[in-house]
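Derivation of every value follows stated rules applied to the coordinates shown; laboratory data play no part. Because the structure is a prediction, the values reported are computed rather than measured. Note: ideal-geometry Cβ built from the backbone for every residue, glycine included; neighbour counts use all protein chains shown.
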Amino acid sequence: MTYSILARAEHARPSVSGAPYLVIENALPADFYAALAADFPGALAAGVSSTSGETVLRCPAEKAMAQPQLSPLWRDFLAYHTSQRFFADIVRVWGDAIRAHYPDLAENFGKPLEAFTAGPRRPGGETVSDNYQHDVVLDCQICVNPPVATPTTPRGPHLDRQFKLFAALLYFREPQDTDQGGDLLFYKLAQGGVIKPRPAKIAAENVTALDRISYAPNTLVTFINSPLCIHGVTPRGPTPHPRRYINFLGECYSGRNRDGYFAAPDHWVNRMALRAQRHWRSLRHNLGA
């Protein structure tokens, strides 16, 4: 038996600003979380360099599920959180807020949110044809920020990809890790601050921190991708301990959303550049580059 990360959403702490995020402490039953943590499959991750220069080890669910060493417990956990059943749980928790933030979503997709089909996301995002077989594709990536010798910020203030609808982070902090840092910060734009066109990386001087969520075991942070959910990670290190978490996400590439439904301010030139970038990525993927 597995458990949804959103099962205790009614016990969540709401955001401090009205932004669409929730914090759920002790998100999973203690025994179930302990069993997952004891067998955390961080060794499956493959290295990907982050925008800040720190290495992020990341393994998507599809790749993890193909590995014979993945335990049955983790296999069931990943399978559930990339399923239609889990999307129904997302709609239960976030449905009203999604409709409020994206009132044109049903029109763009020709159906209400409750009728969306959902399935596993294949690596490659919008460049992979299989990811258009569903209205929303789900992933849960096994993520590790490795030990660092000098203070490093895993990622500064930013907004997520324009195709992302939903996200969540579940922390698997090691018991022996007592170092500072690695917490999640939510921000608001400072007076006169601007969001640059995609990628929506935001300079530190353009934001003001609003809320700090500790990198604590069995703590879940979940949010709707929105201009109100600027977020980043506090510096960590030097530390001999990795920062371990699962990154849950739901992305939409179908419907009338060629540029993504995420309403980041964007000049038409940048929208055209995005389309060209997507076309180039698709060609590279199809050629096996």
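Descriptive notes on the structure:
- ARG92-GLN133 FRET efficiency (beta carbon distance; Förster radius 35 Å; 0.05 resolution): 0.90
- Cβ-based exposure ranking for HIS231, HIS101, in which fewest neighbours within 10 Å come first: HIS101, HIS231
- Take the Cα of GLU114, go 7 Å toward its beta carbon, and the backbone nitrogen atoms of segment 68-93 under 19 Å from that spot belong to 84-93.
- Based on Cα atoms of segment 70-217, Rg over Rh with Rh as the Kirkwood radius reads 0.99.
- The Cα trace of segment 1-102 gives Rg and Dmax of 16.0, 44 Å, the first to one decimal, the second as a whole number.
- Basic side chains Lys and Arg get +1 at the Cβ, acidic Asp and Glu get -1 at the Cβ, and with that the dipole of segment 79-228 about its Cα centre reaches some 220 debye.
- Sorting SER214, SER254 by the number of Cβ atoms found within 10 Å of their own Cβ, with the fewest placed first, yields SER214, SER254.
- Rg and Dmax [Cα atoms of segment 71-124; Å; Rg one decimal, Dmax integer]: 13.3, 41
- A Cβ-based charge dipole, computed about the Cα centre of segment 140-183 with Lys and Arg at +1 and Asp and Glu at -1, lands at about 280 debye.
- With 0.36 nm allotted per residue and the present C-alpha distance subtracted, the GLU10-ALA34 stretch has 6.4 nm of extension available.
- Distances between placed amide hydrogens fall under 5 Å for ARG243 paired with ASN145, all partners being 5 or more residues away or on another chain.
- Taking other Cβ atoms within 10 Å as a rough exposure proxy, ASP104, ASP139 sort from fewest to most as ASP104, ASP139.
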